[in-house]
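Each value in this text was obtained by applying a stated rule to the coordinates, not by laboratory testing. Bear in mind the structure is a predicted one, so any value in this text is a computation, not a measurement. Cβ atoms come from the backbone with ideal geometry, glycine included; neighbour counts cover every protein chain shown.
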Amino acid sequence: MTTPTLAEIVDLHEFWLRHGYRKLNQEDISRHRKNAAAALYAAGNARHRLLVEADVLAHFEEGAGPNDPPHVHRDTLASKEERETLSRDAMTLYEAALQFDPGFAESLYNQGALHRRKGNIAEARDLFQRASVCEPHPRAKPHAFLVANATWENAVAEEKIGSSERAEHLYRKATELLGNFGTEHRRFANLLHRNGKIEEAMHHYQQALPYSHRYAPELVPPDFEAAELPPKTEDSVPLNPLAPTLLPDPVAGYPTMYFLHLYFRLSQEQEYEEIIELVRQTPPKGVLHRLGALISRKNPYSGLHCRTSRAELSDV
C-alpha cells in the first residue's frame, strides 16, 4: 500500500472529513484545515524546542575545559544524530502544516530558523521573506513580533549573502516595526558604519545600549485553542499527526486512533494494523472505490467512524 506524500495529505484529510461528516461546506473544510495546520505546527514546535535545548547543552559541553566539572545532564545529552532527527522531524511537520495553510507565518519563520541553523542562508532568507508578508496566527503572542523579526532575519540573511543595499533597506524596515533588537541591534549599526553612514550608525549603537530582551519567535508559539492542539504522550510531547497512533484511552469502549488531526473509532482492536494501512492510503483514482467498499454497511469496517475530536466520537 502507498504512504501519502505531503502533497497528498490535504486531499486525504478532506476525504476522511467527508466520510465523517455528510454535510460540509467550504468554510467548514477551511476551518478544519487550519486546525490541522496548527496541530502539525504544534507537534513540530515541540520537537524544535527540544532541538534548541539540546543544541544549547551540546554547546556548553563542547566548550568545557579539562578541569571543568562534568555537565549535570551529560548522561542525557542528545547525540548529533538525535539532534538531526529532531531537526528533520520538525521541518517535515512545519512543511505539512504549510500544505494545509500555505500562509502560516509561524511555520514559515520556524522553517527559516531551522535552515539558518544548518547554514542554508539562501533557503532561510526566502522563508523569512515569505513569513514577513504573511499575517501571524490570530492568537499569536504579542512579544513574538513575528513580522518584525522575520524582516530582521531576512536582512541578516541578505547581509550574509552580500546584498548590502537590500540588507540595509530591510534592517531599516525592521527597526520601524520594532525599535530595538537587543544585542543583535549592533548588526545594523555595524553595516551603516561600513557604508559610511556614521551619524545614523551612532544612533543605532545608542539604540543597542539599553538592555532589551528579544524573544526568539520560534520558541513563542501562539495561544492555540483546544481544537488546534494534538493529543500528548505520557511525557507531554504532542503526538505526530502524520503518524497513525492508537490512543491509550478508548472512546466509549472502542479503540481510538489519531491521524492527520482526526480521530477514528475502530470496531475491533485487532483491525488496527490493517486500518492503519487503510487510513494512510491515498484516496485518488481507484483507491476511492476500494475505500468505499471497505466502509460500506456490508463490510466489517462499517464500525470505522471519523470525527475531529474525541468528544464527538463519544456521540457516534
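At 0.36 nm per residue, minus the direct Cα-Cα distance, what do T85 and N25 gain on full extension? Give it in nm, one decimal, please.
Values: separation 60, 0.36 × 60 = 21.60 nm, distance 3.85 nm.
Length difference between fully extended and current span is 17.7 nm.
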Using the alpha-carbon centroid of each, what span in Å lies between the range 25-51 and the range 154-207?
-> 34
When the charge dipole of the chain is computed with +1 on Lys and Arg Cβ and -1 on Asp and Glu Cβ about the Cα centre, the Cα farthest towards its positive end, among P222, P238, H13, belongs to H13
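Need one number: convex hull volume per residue for the range 117-243, Cα atoms only, in Å³. Could the numbers behind the result be given before it?
On the way: hull volume 17.4 nm³, N = 127.
For the range 117-243, the hull spanned by Cα atoms encloses 137 Å³ per residue.
Kirkwood Rh over Cα pairs of the range 3-103 into Stokes-Einstein at 25 °C, 0.890 mPa s: D in µm²/s? Write down the numbers at each step before the final one.
Working: Rh = 16.1 Å.
Translational diffusion coefficient: 153 µm²/s.
Would you mind ranking C134, C306 so that the residue whose beta carbon has the fewest other beta carbons within 10 Å leads the list?
Working: C134 19, C306 23.
Fewest-to-most ranking of C134, C306: C134, C306.
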Length gain on complete extension for the stretch H59 to L209, per 0.36 nm per residue less the alpha carbon to alpha carbon distance?
-> 51.3 nm
Of K80/K160; K34/K141; K173/K197; K118/K232, which sit over 21 Å apart, Cα to Cα?
-> K80/K160; K118/K232
Can you check what the Kirkwood hydrodynamic radius comes to for the chain, Cα pairs only, in Å to one decimal?
-> 22.0
